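What follows is a single structure, written as structure tokens, with notes after it.
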Amino acid sequence: MLSPLAINEKAADSARVIDIADLSLSFTTADGPVQALSGINLAVERGQFISFIGPSGCGKTTLLRAVADLETPSAGAIRVNGMSPQEARANRAYGYVFQAPALYPWRNVERNIALPLEIMGYPKADREARVARGLDLVNLTGFGKKFPWQLSGGMQQRASIARALSFDPDLLLMDEPFGALDEIVRDKLNEQLLRLWDVTKKTVLFVTHSIPEAVFLSTRIVVMSPRPGRIHDVIECGFPRDRTLDIRETPEFLEVANRVRHGLREGHSYED
Amino acid sequence: MRIERALPVAIIVGALIAIWYVGAILMNTPLQRDFFANAGRTDYSAADLALADLNMDRPKLPAPHQIVAELDKTVLETAPTSKRSLVYHALITLQETLLGFAIGSALGIGLAILIVNLKVLEKSLMPWIVASQTIPIIALAPMIVVILNQFDITGILPKAVIAAYLSFFPVTVGMVKGLRSPDPLQLDLMRTYCATRAQTFLKLRAPASAPFFFASMKIGVAAALVGAVVAEVTKSEDGGLGARLLAGSYYGQTVQIWAALFAAAALSATLVGLIGVADRIVSRRMGFAR
């Protein structure tokens with residue numbers, strides 16, 4: 001499913017959360033311009049879990065940042081809930097989870113989760129209720145008074161997910177959130193994230209460079225290739241919503257994983 | 001304190017005092033020989049000479065016990081209201097230091113906030129701030145006193161201004177660094193919330209600068225004290241530790257000079273120590289202490 005989308009189609013489909021049309025983005029560096037993204041077309045519907053996978057330098061993080069209005073495209077258009085990324089950001093349309101937890105070390109876990117709520121002007125009682133719900137959602141109840149350095153890396157990243165969800169955005173943007181964690185913790189968090197997605201019905205854009213992670217979590221996998229960053233393939237991935245880690249041993253799972261692996265190999269050779 | 005930690009400290013202090021005594025004997029011997037010669041004494045032993053070296057009225061280098069005796073006399077045995085009391089002078093210096101430090105740190109923090117928020121000011125203002133510190137304060141101090149006198153500003157304020165002049169600089173430099181210390185992800189996070197500049201400042205830049213703030217304050221308060229003492233040397237009629245230094249050097253009262261130096265050092269160390277305590281309390285509250 002890789003069709004270019006005209007912006008004016010958006011009214012026809014309210015289920016569409018993200019429309020990306022002919023997006024290009026280049027950075028100016030000391031060595032001249034670098035084309036980070038080229039000719040990206042993508043539509044994401046409400047409730048989907050989309051993974052972006054590709055080697056480093058393929059622009060997957062840049063694409064996510066462009067959706068979040070943290071980078072400005074040089075050509076093409078992005079619509080988030082029918083709005084421009086700037087408007088979407090102003091409307092607090094998304095929660096963003098970074099590669100590092102980026103918790104503020106002088107705030108305890110509760111106050112870190114409450115940070116966006118404070119900025120957005122939620123009243124105190126509402127903040128407290130939302131923090132409690134957030135802690136529960138990521139299984140950190142009882143850790144609210146701890147400072148970030150008192151938590152493990154996995155717990156810190158869960159706290160940052162609770163922070164991103166605290167103001168209940170419909171869209172969750174996650175940039176390799178579990179990249180720095182070990183395999184066992186990552187598996188556990190993948191299962192928890194899947195549960196969370198199932199419960200909250202959010203739309204998730206998820207950047208990763210792990211094939212099993214992408215196949216396990218996603219409804220669709222966007223395989224990207226570098227220089228310039230572009231979409232190489234989009235793979236549908238329709239496992240039941242209540243799946244567990246066990247499905248990773250099924251032939252269906254391995255088949256999708258193989259397709260992703262082939263896609264990555266075609267799109268990129270390490271001799272480049 | 002446990003003995004393993006106390007021992008090295010005690011050894012160093014002991015060694016410094018021993019070196020000091022040796023230095024005092026070496027430096028004072030020629031002068032003491034002359035005194036003995038003038039008095040017609042020739043039958044003194046080396047021990048007599050050394051003992052006399054360490055108990056002269058106006059030695060070139062006073063011995064530690066002479067300074068302790070002078071401090072005892074001028075701090076403990078003299079009423080703090082007397083002009084002969086070191087406490088009296090230290091309190092004058094303290095007032096000037098604290099007022100100057102308050103002005104200097106407010107100015108320093110204000111400049112840092114401006115510089116961090118307005119890129120143009122970094123290039124246009126910073127060179128002047130740096131240049132201000134290249135002028136020797138001893139040359140500038142009398143001019144500040146004279147100029148402020150023109151506007152009928154006298155008393156403690158001109159000296160506080162000189163103290164502020166020295167103390168704002170480390171505060172500005174430290175706070176610019178502190179307010180810029182948040183990493184890109186922490187700043188991006190604020191952007192995703194569409195936070196205003198004021199919110200980003202209050203909830204991210206300001207708390208992130210806390211460790212830099214206390215380091216700046218420590219340097220700033222010590223610099224303010226130096227400024228206050230220099231100002232008192234310039235304008236000594238109002239008293240203060242600087243005035244004691246000046247009077248001591250007029251009359252060759254080296255013991256008095258050294259006692260005033262020690263008082264100034266103790267005052268400075270106390271102020272820096274108090275900021276250190278505040279630092280520890282705040283760090284613990286903010287979760288920085290582990």
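Restricted to the range B:241-290, and to residues that are of a type in the set (D, E, K, R) and within 14 Å of chain A (Cβ to nearest Cβ), which residue is nearest to B:Leu204 (Cα to Cα)?
Of the residues in the range B:241-290, the ones of a type in the set (D, E, K, R) are B:244, B:279-280, B:284-285, B:290.
Restricting the remaining residues to those that are within 14 Å of chain A (Cβ to nearest Cβ) gives B:279, B:284-285, B:290.
Values: B:Asp279: 18, B:Arg284: 18, B:Arg285: 16, B:Arg290: 21 Å.
Applying the filter and picking the extreme gives B:Arg285.
The residues of the range B:178-193 that are free of Cβ contacts under 8 Å to residues at least 12 places away in the same chain and more than 7 Å from chain A (Cβ to nearest Cβ), listed by number, are B:Asp183, B:Pro184. The residues listed here are B:Leu91, B:Leu86, B:Leu98; of these, the one that is closer than 14 Å to B:Ala223 by Cβ, of a type in the set (A, V, I, L, M) and within 23 Å of the chain's Cα centre (by Cα) is B:Leu98. Within the bounds of the range B:266-288, is there any residue that is at pLDDT below 90, part of a helix (DSSP H, G or I) and of a type in the set (Lys, Arg)? Checked the range B:266-288: at least one residue is at pLDDT below 90, part of a helix (DSSP H, G or I) and of a type in the set (Lys, Arg). Kindly check whether there is at least one residue in the range A:233-252 that is in contact with an Asp or Glu (Cβ under 9 Å, 6 or more places away or on another chain) and β-branched (Val, Ile, Thr). Scanning the range A:233-252 turns up at least one residue that is in contact with an Asp or Glu (Cβ under 9 Å, 6 or more places away or on another chain) and β-branched (Val, Ile, Thr).
B:Ala47 falls short on exactly one of the conditions (1) closer than 28 Å to B:Trp20 by Cβ; (2) surrounded by 16 or more Cβ atoms within 10 Å (Cβ to Cβ), and that condition is (2). Here B:Val171 qualifies as of a type in the set (Val, Ile, Thr) and modelled with pLDDT of 95 or more. Scanning the range A:48-59 turns up one or more residues that are closer than 18 Å to A:Trp197 by Cβ and surrounded by fewer than 22 Cβ atoms within 10 Å (Cβ to Cβ). Among residues of the range A:91-111 that are within 18 Å of A:Gly142 (Cβ to Cβ), those with a beta-carbon under 7 Å from a residue that is among the small types (Gly, Ala, Ser) at least six positions away or on a different chain give the pairs A:Leu103/A:Ala159; A:Leu103/A:Ser160; A:Asn108/A:Gly144; A:Asn108/B:Gly287; A:Val109/A:Gly144; A:Val109/A:Ala159; A:Glu110/A:Gly144.
Examine the range A:121-131 for a residue that is within 11 Å of another protein chain (Cβ to nearest Cβ) and among the basic types (Lys, Arg), and state whether such a residue exists. Quick ask: steps written out before the conclusion?
Step one: of the range A:121-131, the residues within 11 Å of another protein chain (Cβ to nearest Cβ) are A:121.
Next, only the ones that are among the basic types (Lys, Arg) stay: none.
No, every residue in the range A:121-131 fails to be within 11 Å of another protein chain (Cβ to nearest Cβ) and among the basic types (Lys, Arg).
Please work out if B:Val221 is in a helix (DSSP H, G or I), touching a residue at least 24 places away in the same chain (Cβ under 8 Å), surrounded by 22 or more Cβ atoms within 10 Å (Cβ to Cβ) and more than 11 Å from every other protein chain (Cβ to nearest Cβ). Yes: the conditions hold for B:Val221. Could you please let me know if B:Ala90 is in contact (Cβ under 8 Å) with a residue 60 or more places away in the chain, surrounded by 12 or more Cβ atoms within 10 Å (Cβ to Cβ) and either farther than 30 Å from B:Gly240 by Cβ or aliphatic (A, V, I, L, M) (or both)? Yes: the conditions hold for B:Ala90.
Selection of the range A:15-47 for residues being at pLDDT 85 or above, in a loop (DSSP other than H, G, I, E, B) and touching an Asp or Glu at 6+ places or on another chain (Cβ under 8 Å) yields only A:Arg46.
Can you tell which of B:Ala228, B:Ala208 is within 22 Å of B:Leu107 (Cα to Cα), within 14 Å of another protein chain (Cβ to nearest Cβ) and hydrophobic (A, V, I, L, M, F, W, C)?
On the way: B:Ala228 fails: within 14 Å of another protein chain (Cβ to nearest Cβ).
Within the list B:Ala228, B:Ala208, the selection yields B:Ala208.
Strands (runs of 3 or more DSSP E) fully within the range A:48-111 that include at least 2 residues being within 24 Å of B:Gln186 (Cα to Cα) and facing chain B (nearest Cβ under 8 Å): A:94-97.
The values are calculated or read from the model by the stated rules, or taken from the named source; none is laboratory data. Everything numeric in this text was worked out from a predicted model, so none of it was measured. Methodologically, a virtual Cβ is constructed for each residue, glycine included, from the backbone with ideal geometry; neighbour enumeration extends over all protein chains shown.
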